[in-house]
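Here the structure is laid out as structure tokens; the discussion comes afterwards.
Laboratory data are not the source of any read-out in this text; all were calculated from the coordinates shown. Because the structure is predicted, anything quoted here is derived from the model rather than measured. Cβ sites come from the backbone with ideal geometry, for glycine too, and all protein chains shown count toward neighbours.
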Amino acid sequence: MIYGYMAVFHLDDNCTYTLDGAPAPKRFERDGVFALGGWKDGRLPATVVVDARDPRAAGLNATDFLNGHFLLSLDLSPATPLCAETSQCSCSGAARHLITARRCEDSPLVVETDGAILSLRCPIAVEKLAAVCARVDGGDLIRITARGRNIFCALIYHGGGYVPLLTAAADEISLGDDGVVLRDFVGGMLYSTVTRKFKIKDGAFCETERTFDRRDHRYPDGLIGRLYLEKLFYRDQSRCDLVSSSCPVNVDETIGSFDRVFDDDFCGCRRGVYCLAGNEGYCRVRKVMFVVKNGLIEDVRVLP
């Protein structure tokens, strides 16, 4: 970015922000250095010095829309675990295992016994914690279930040391002799239940099946591209039904991987154009355009 060029910054909704010590507007323009602060309950407040010419800094997430507009958010650390309440439980097999979880998001869930300890990141604030243990192949198979706004499940094998086999968060989790079933209720355009089945293979759990229970709905051509992106994100194979047989490109390969979708670039994207981005601290968007006719994708192009 050339010095003196006024960049436009937009703030995400992940916390409350200050700009140079004063309450920050959702949108502001800068061409020099500024201090961006943020705070949120359960998180440590933080302040980052940002250079408008190149907004890259530790603790700052910046999405570059390649047109002078940036979306910013602060990566706030959880408040020190010592001030958070804990939940504990234990289970016994060949050894007694103590499990400790904290009632704040993204905090450690710790499993320990004599001579071994394992720490896992738990994405939910744990309100209820339970664990059961079964003897398998001379060791202990430990199943941990943590409940909060949704459910976090961990399957761990202990045969002298701890080996995590599966960690997952979902709206519903069921475990049986033949594996693990996870269910998530997806809103947005999919409006469906995503069911994922996992079975043990080569010493680890692998996804073996994914199904969607949805309500059929016909969308206008201008939304077919957005619908395809949601289906691709959740690996819904029915997305292939949205592609015309005459489409000259492999749609999935043309789109590539992404973690976030933006329907505009703050300057008003054309109809059928979407901005895709990852979750890196600093990332540039890729713009893809869908050409749709009569409900089918005729072409997909990556825009410069």
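Mean residue ellipticity at 222 nm from the helices of the chain, using -39,500 (n - 2.57) per DSSP H segment of n ≥ 4 over the full residue count, to the nearest 500 deg cm²/dmol?
Working: 2 runs with 18 residues, N = 304.
Rounded to the nearest 500, it is -1500 deg cm²/dmol.
Rg and Dmax of segment 7-74, using alpha carbons, in Å: what are they?
Rg and Dmax of segment 7-74, Cα atoms, are 11.0, 35 Å.
Could you calculate the FRET efficiency of SER257 with ASN14 from 1/(1 + (r/R0)^6), where r is the beta carbon distance between them and R0 is 25 Å, rounded to 0.05? Intermediate values should be presented prior to the final figure.
Details: r = 23 Å, r/R0 = 0.90.
With a Förster radius of 25 Å, E is 0.65.
Can you give the three extents of the C-alpha atoms in segment 30-137 along their principal axes, from longest to shortest, in whole Å?
Extents along the principal axes: 63, 32, 23 Å.
If you look at just the Cα atoms of segment 167-298, how large are its Rg and its Dmax in Å?
16.9, 53
Under a straight-distance cross-link criterion of Cα-Cα below 21 Å, which lysines are reachable from LYS128, leaving out those fewer than 8 residues away in the same chain?
Within the straight-line cut-off, LYS128 pairs with nothing.
Counting alpha carbon pairs within less than 8 Å and at least 6 residues apart, what relative contact order, in whole percent, applies to segment 221-303?
Answer for segment 221-303 is 34 percent.
Can you return the lysines within cross-link range of LYS287? Criterion is Cα-Cα under 26 Å, with same-chain partners fewer than 8 residues away left out.
Hits, sequence-local ones excluded: LYS26, LYS231.
Return the ratio Rg/(2.2 N^0.38 Å) for the chain, where Rg is computed over Cα atoms only. All intermediate terms of the calculation are to be shown ahead of the outcome.
Values: Rg = 23.2 Å, N = 304, 2.2 N^0.38 = 19.3 Å.
Compactness ratio reported: 1.20.
For a quick check: sort LYS287, LYS128 by the number of other beta carbons within 10 angstrom, fewest at the front.
Ascending number of Cβ neighbours within 10 Å: LYS128, LYS287.
Sort THR113, THR167, THR208, THR63 by Cβ crowding within 10 Å, fewest neighbours at the top.
Ranked by crowding around the Cβ, least crowded first: THR208, THR167, THR113, THR63.
Could you tell me how many degrees, from 0 to 90 and to the nearest 10, lie between the Cα long axis of helix 221-233 and the main elongation axis, the longest principal axis, of the Cα atoms of the chain?
The helix 221-233 is inclined about 30 degrees to the chain.
Taking only the alpha-carbon atoms of segment 245-290, what semi-axes of the equivalent ellipsoid follow from 5 times the gyration tensor eigenvalues under a square root, in whole Å, largest first?
21, 15, 6
Can you put PHE9, PHE212, PHE65 in order of Cβ neighbours within 10 angstrom, beginning with the fewest?
PHE212, PHE65, PHE9
Which net charge results when you count Lys and Arg as +1 and Asp and Glu as -1 among the other residues whose beta-carbon is under 12 Å from that of ILE142?
Overall, the nearby charge balance is +1.
Can you give the Rg to Rh ratio of segment 114-194, both from alpha-carbon atoms, with Rh computed by the Kirkwood formula? Can you show the working numbers first?
Working: Rg = 14.4 Å, Rh = 14.0 Å.
Rg/Rh for segment 114-194 comes to 1.03.
What distance in nm separates the two pseudo spin-label positions at LEU223 and ASP51, each 7 Å out from Cα along the beta-carbon direction?
Reported label-point gap for LEU223 and ASP51 is 4.5 nm.
Please report, to two decimal places, log10 I(q)/I(0) for segment 81-229 at q = 0.14, 0.18, 0.19, 0.21 Å⁻¹ as given by the Debye formula with identical point scatterers on the Cα atoms and no solvent.
Cα-only, vacuum Debye calculation for segment 81-229: -0.74, -1.05, -1.13, -1.30.
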